Amino acid sequence: MSFYCGIDLSARDSHVCVVNQHLSRLVDEKVPNKLPRIIALLEPYKADMQIVVESTFNWYWLVDGLRAAGFNVCLAHTLGLYMITGAKIKTDRRDAFSLAKLLLAGVIPRAYIYPAETRPVRDLLRQRLLLVRRRAELYGRLSRLALREGIIDARRHEIEELSEEELEKYFAHPLLRLSVSQELARIELYSEQIKELEQSILERAEKQPVFARLQGIYGIGPVLALTILYEVGEMPRFENVRHFSSYCRVVPGLAQSGNITKRGRGSKQGNHSLAPQRCCTAGDPALKWAFSQAAVHAVRCYPEVRRCFDQHLSRRRGRGRRMIAYGIIAHKLAQAAYYIMSETEEFRGQLLFGNLLHEGGGRTNPKRLSGTNPMS
């Protein structure tokens, strides 16, 4: 007989529900978040049991511990669990039972379980991005303060390098000088921590040949290459380049009803419905950010990319045409990254932009990395 276990994980305790094929509850108990206690509770059913855990903020210890103990565990993506999150009556007991029922029916929206050995590097990279954003907020705060005081010629780096004498010159009030000096001290602290994180991550990434190949793609430098390398995870989980592009959120969604078809819907939902057997999550916002930034840099610095961008821009009207054109470039770069990471190929711009590599080139070469481009 097969058994199905749903675990509703909270901060301090978890509700464990085990059912059989007839939905009879064999275990229905709330236990503290202690791995030996949960393993002892599930051990009698281990031989033929599947377990599902909702992807909450603290799933690492539970999923890794159960898998290490030999249990068959999958991770449920929260976005696809509206049966639980949208219920009128929501309790831990009901949620665990609902997870077990969805597992029995085979309709769990599976999330990707990132490999534990490289997970700390990915989390460290996300921490770096958080510090960069906080530092940018401080720069913006200083710029607004300078504008408020009438210092309209103060640029970001000029503000960063202000000395005590310059502070007295620009800001007469001592409390304003105190505020600015503290902001500058926080910026310096963030910059030191960002540099330290980058050095630690780069030491590991430079040992992988794919890291250098990713930097060969138009618009992708060390930081974006790090983001792509450590956010993607294991490449075999993607069936093809289309699933990879969907996971990176660089292709639009589709909403069709009757004779009406609309595109652009559900861009944050990724591809968990395309390949559930591959345990793909509902897309990664960090990859969307990375390829979008790479598209902007590529259009700015590479003439052939600029010509492709201008072509798509000229075919469209409306306020969103620039965003659509940048999205097409981002999709092309994501296609290149897929083949570089899965087939150990070097980047070849002619496969993406064809005869646009030459000045005055016409339409893009129809030979593309993945056949039909769904965004063009």
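The values are calculated or read from the model by the stated rules, or taken from the named source; none is laboratory data. Only a predicted model underlies this, so the values are computations on that prediction, with no experimental measurement involved. Here the Cβ positions follow ideal geometry from the backbone for every residue, glycine too, while neighbour counts run over all protein chains shown.
Which members of region 97-156 meet the condition of being crowded, with 18+ Cβ neighbours inside 10 Å and charged (D, E, K, R)? Residues satisfying the conditions are ARG110, ARG122, ARG128, ARG135. I'd like to verify a number: residues in region 87-126 that are under 25 Å from the mean Cα position of the chain (by Cα) and without any contact (Cβ under 8 Å) to a residue 12 or more places away in the chain, how many? Residues in region 87-126 being under 25 Å from the mean Cα position of the chain (by Cα) and without any contact (Cβ under 8 Å) to a residue 12 or more places away in the chain: 4 in total. The helices (runs of 4 or more DSSP H) located wholly in region 1-105 include none with 3 or more residues which are of a type outside the set (A, V, I, L, M, F, W, C) and assigned by TED's automatic domain parsing to the domain that holds PRO285. Per the listing ARG213, ARG249, ARG204, the residue uniquely surrounded by 13 or more Cβ atoms within 10 Å (Cβ to Cβ) and not in a helix (DSSP H, G or I) is ARG249. Identify the residue in region 14-62 that is β-branched (Val, Ile, Thr) and buried (at least 17 other Cβ atoms within 10 Å of the Cβ) and, among all such residues, is nearest to LEU102 (Cα to Cα). Looking at the filtered set, the residue picked out is VAL52.
A single entry from LEU162, LEU175, LEU138 fulfils the requirement of being among the aliphatic types (A, V, I, L, M) and free of Cβ contacts under 8 Å to residues at least 12 places away in the same chain: LEU175.
Annotation note: of LEU147, LEU129, the sole residue that is of a type in the set (A, V, I, L, M, F, W, C), within 30 Å of ALA185 (Cβ to Cβ) and in contact (Cβ under 8 Å) with a residue 60 or more places away in the chain is LEU129.
The listed residues are LEU130, LEU197, LEU142, LEU175, and the only one of them that is out of contact with any Phe, Trp or Tyr (no Cβ under 9 Å at 6 or more places or on another chain) and closer than 30 Å to ILE84 by Cβ turns out to be LEU130. Against the list (1) out of contact with any Ser or Thr (no Cβ under 9 Å at 6 or more places or on another chain); (2) touching a residue at least 24 places away in the same chain (Cβ under 8 Å); (3) of a type outside the set (D, E, K, R), the condition LEU189 fails is (2).
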